Amino acid sequence: TERTLVLVKPDGVKRGLIGQVLARIEAKGYEIEKLQLVRATKEQLAEHYAEHAGKPFYQPLVDFMASGPIAAVVATGDGVITGFRSLAGATDPTTAAPGTIRGDLGRDWGTAVQQNIVHGSDSTESAKREIAIWFPADEG
Ligand code: GTP
Ligand code: MG
């Protein structure tokens, strides 16, 4: 069965939204296979966001992701990679569609990086790579 990595980012944890994110994943019919509250290391964030290195929002993004605990989740189910991205909504919470996690629960807080509550892997390759970053003991 397909697996994806979901992160409830520090803004989501601080605002008490872990339960709502998990509830939406479960209500959609996916399963929570792994769940852990973690503090991201610099190494984890450098690997996780390697594709964004050099972009103007990279350093604010990494600083934000290190600003508090993160809930790391492996969710499973056929189509879960695309399905969770659909539940999450567009990257920018201001314009993310209502009905989505970012559209319903997110907004612009005037920060240098978009605080958008969740991360979801964008492909099977990303999911495999990212699950290994956040659950290093996992054999896949
Ligand atoms: P993730 O699921 O977190 O990876 O979001 P995404 O796939 O919708 O976005 P992407 O991977 O392109 O960017 C990663 C994160 O960087 C986003 O979730 C935002 O927090 C931040 N980000 C991306 N693009 C921008 C941007 O244009 N401006 C700002 N300020 N932040 C951005
Ligand atoms: Mg992304």
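The values are calculated or read from the model by the stated rules, or taken from the named source; none is laboratory data. What you are looking at is a predicted structure, and each value in this text was computed from that prediction instead of being measured. With ideal geometry, Cβ positions are generated from the backbone for all residues, glycine too; neighbour counts draw on all protein chains shown.
If you scan the stretch 1-29, which residues turn out to be more than 16 Å from ligand 1 (Cβ to nearest atom) and either over 24 Å from PHE64 (Cα atoms) or in a loop (DSSP other than H, G, I, E, B) (or both)?
Those that are more than 16 Å from ligand 1 (Cβ to nearest atom) and either over 24 Å from PHE64 (Cα atoms) or in a loop (DSSP other than H, G, I, E, B) (or both): THR1, GLU2, GLY16, ALA23, GLU26, ALA27, LYS28, GLY29.
Applying the selection to the stretch 65-89, what residues are within 18 Å of ILE133 (Cα to Cα) and buried (at least 18 other Cβ atoms within 10 Å of the Cβ)?
Listed by number, the residues that qualify are MET65, ILE70, ALA71, ALA72, VAL73, VAL74, ALA75, ILE81.
Inside the stretch 46-60, can you point out the residues that are part of a helix (DSSP H, G or I) and in contact (Cβ under 8 Å) with a residue 24 or more places away in the chain? If you could, list the steps in order and put the result at the bottom.
The first filter runs over the stretch 46-60 and keeps only residues part of a helix (DSSP H, G or I), leaving 46-48, 50-52, 58-60.
Matches in the stretch 46-60: GLU47, HIS48, PRO60.
Run down GLU31, GLU43, GLU26 and say which single residue is touching a residue at least 40 places away in the same chain (Cβ under 8 Å) and of a type in the set (Asp, Glu). Before the answer, list the steps.
Numbers: GLU43 fails: touching a residue at least 40 places away in the same chain (Cβ under 8 Å); GLU26 fails: touching a residue at least 40 places away in the same chain (Cβ under 8 Å).
Unique residue meeting the criteria: GLU31.
Go over the candidates ASP63, ASP78, ASP138, ASP104 one by one and state the one that is outside any helix (DSSP H, G or I) and modelled with pLDDT of 95 or more.
Values: ASP63 fails: outside any helix (DSSP H, G or I); ASP138 fails: modelled with pLDDT of 95 or more; ASP104 fails: outside any helix (DSSP H, G or I).
Of ASP63, ASP78, ASP138, ASP104, the one residue that is outside any helix (DSSP H, G or I) and modelled with pLDDT of 95 or more is ASP78.
How many of the residues making up the stretch 30-45 are assigned to a strand (DSSP E or B) and farther than 15 Å from LEU7 by Cβ? So that I can check it myself, show each step before the final result.
Looking only at the stretch 30-45, we keep the residues that are assigned to a strand (DSSP E or B), and these are 31-38.
From what is left, the residues that are farther than 15 Å from LEU7 by Cβ are 31.
So the answer is 1.
Inside the stretch 28-62, can you point out the residues that are away from ligand 2 (no atom under 13 Å from the Cβ), acidic (Asp, Glu) and exposed (fewer than 14 other Cβ atoms within 10 Å of the Cβ)?
Across the stretch 28-62, the qualifying residues are GLU31, GLU43.
Could you check the stretch 1-23 and list, in sequence order, the residues that are of a type in the set (A, V, I, L, M, F, W, C) and touching a residue at least 40 places away in the same chain (Cβ under 8 Å)?
As a first pass, look at the stretch 1-23 and keep what is of a type in the set (A, V, I, L, M, F, W, C): 5-8, 13, 17-18, 21-23.
Result: LEU5, VAL6, LEU7, VAL8, VAL13, LEU17, ILE18, VAL21, LEU22.
Scan the stretch 101-115 and give yes if some residue there is buried (at least 18 other Cβ atoms within 10 Å of the Cβ), within 11 Å of ligand 1 (Cβ to nearest atom) and closer than 22 Å to ARG3 by Cα, otherwise no.
yes
I need the full set of residues from the stretch 81-100 which are more than 8 Å from ligand 1 (Cβ to nearest atom), part of a loop (DSSP other than H, G, I, E, B) and of a type in the set (Ser, Thr, Tyr), in order please. Lay out the reasoning, then the answer.
As a first pass, look at the stretch 81-100 and keep what is more than 8 Å from ligand 1 (Cβ to nearest atom): 81-84, 86-87, 89, 93-100.
With part of a loop (DSSP other than H, G, I, E, B) added as a condition, the list becomes 89, 93-100.
The answer is THR94, THR95, THR100.
Applying the selection to the stretch 107-135, what residues are within 14 Å of ligand 2 (Cβ to nearest atom), assigned to a loop (DSSP other than H, G, I, E, B) and either of a type in the set (A, V, I, L, M, F, W, C) or on the phi > 0 side of the Ramachandran plot (or both)?
VAL113, ILE117
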